[in-house]
Amino acid sequence: MYAHTDHFRQRLHQQGRYVSVPIVAEAIKQGQLRWNTTDGWRFALVKHGIRYVIVVSDTETKSPVVVTGWTAIDDWETAHTDSRWNETDLQTIRLRADLSSHRDEQIPDRIRPRDVDRAFEIGGHRVVTEAGAGSVECVECDGRFRSKDELNRRHCRR
């Protein structure tokens with residue numbers, strides 16, 4: 001029963017996050033626990049081929065709070081054959097993970113194989129991409145971006 005930060009509550013409602021309150025509870029109760037010096041405790045739970053990572057911190061609060069959470073592909077074969085996930089979900093998870101793990105770099109070669117036609121939010125933009133494109137495109141402002149840093153620096157002009 002950890003409290004949720006406003007940051008986490010906002011992320012819960014974003015398309016393409018795939019983290020839910022029940023997943024948070026399950027990760028905290030049954031996941032692997034790891035300490036990370038930059039952001040607190042991390043609970044990791046693998047389910048249906050997807051790794052859910054939940055970050056909990058208590059550095060500035062009276063009790064631990066859920067700060068954020070994300071998903072990554074743990075086992076492509078398992079995730080791909082599981083009925084829980086469709087191709088767009090898996091491509092979204094992989095694209096979001098690539099953008100986050102290389103946030104300061106332009107990554108057209110990692111974006112190019114992805115085909116994501118259902119917009120998901122990242123950096124205040126709602127982005128999609130198609131196979132062969134070396135950038136993601138915001139469906140609101142038509143901006144094209146090759147890195148998470150670019151997405152975070154340029155505000156969406158909705």
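The values are calculated or read from the model by the stated rules, or taken from the named source; none is laboratory data. Just so you know, these numbers come straight off a predicted model, no measurement behind them. Using ideal geometry, Cβ is built from the backbone for each residue, glycine included, and neighbour counts are taken over all protein chains shown. Note: areas computed on protein heavy atoms with side chains; ligands, DNA, RNA excluded. Shrake-Rupley method; radii C 1.70, N 1.55, O 1.52, S 1.80 Å.
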Rounded to the nearest 5, the percent of DSSP beta bridges in the stretch 1-75 running antiparallel is 90 percent
Heads up, I need the accessible area for Glu137: 1.4 angstrom probe, whole protein in place, Å², nearest 10. 50 Å²
By accessible area with a 1.4 Å probe, ligands and nucleic acids excluded, highest first: order of Tyr2, Tyr52, Tyr18: Tyr2, Tyr18, Tyr52
Sorted by accessible area with a 1.4 angstrom probe, largest first, how do Thr92, Thr38, Thr5 fall? Thr38, Thr5, Thr92
When the helices in the chain are scored as -39500 (n - 2.57) per DSSP H run of 4 or longer and the sum is shared across all residues, what 222 nm value do you end up with, to the nearest 500 deg cm²/dmol? -8000 deg cm²/dmol
Extension gain Gln106-Asp74, at 0.36 nm per residue separation less the Cα-Cα distance, in nm? 9.1 nm
Quick one: helix 21-30 against the long Cα principal axis of the chain, what's the angle to the nearest 10°, folded into 0 to 90? 50 degrees
Only Lys, Arg, Asp and Glu count, each charged at its Cβ (+1, +1, -1, -1), so figure out the dipole size of the stretch 3-158 about its Cα centre, rounded to 20 debye. 360 debye
Measuring from centroid to centroid over Cα atoms, what is the spacing of the stretch 1-57 and the stretch 63-77 in Å? 5 Å
Check Glu130: other-chain or 5+ apart residues with amide H under 5 Å from its amide H, H built from backbone geometry? Val116
For the stretch 3-101, list log₁₀ I(q)/I(0) at each q in 0.16 Å⁻¹, using the Debye formula over Cα point scatterers of equal strength and ignoring solvent, two decimals each. -0.67
Taking a probe of 1.4 Å, how large is the accessible area per residue of the stretch 101-158, in Å²? 58 Å²
Lysines near Lys29 by alpha-carbon distance under 16 Å, same-chain residues fewer than 8 away left out - which ones? Lys47
Take every Cα pair under 8 Å in the chain that's 6+ residues apart, average their separations, divide by the length, and report that relative contact order as a whole percent. 16 percent
Where both residues lie in the chain, what percent of DSSP beta bridges are antiparallel, nearest 5? 95 percent
Rounded percent of accessible protein surface that carbon and sulfur make up, the chain, 1.4 Å probe: 45 percent
Note the angle between two axes, namely the Cα long axis of helix 87-101 and the longest principal axis of the Cα atoms of the chain, as a number of degrees from 0 to 90, rounded to the nearest 10. 80 degrees
Probe 1.4 Å, all chains present, heavy atoms only: Arg154 accessible area in Å², nearest 10, is 90 Å²
Provide Rg and Dmax in Å for the stretch 1-50, with only Cα atoms included in the calculation. 11.4, 29
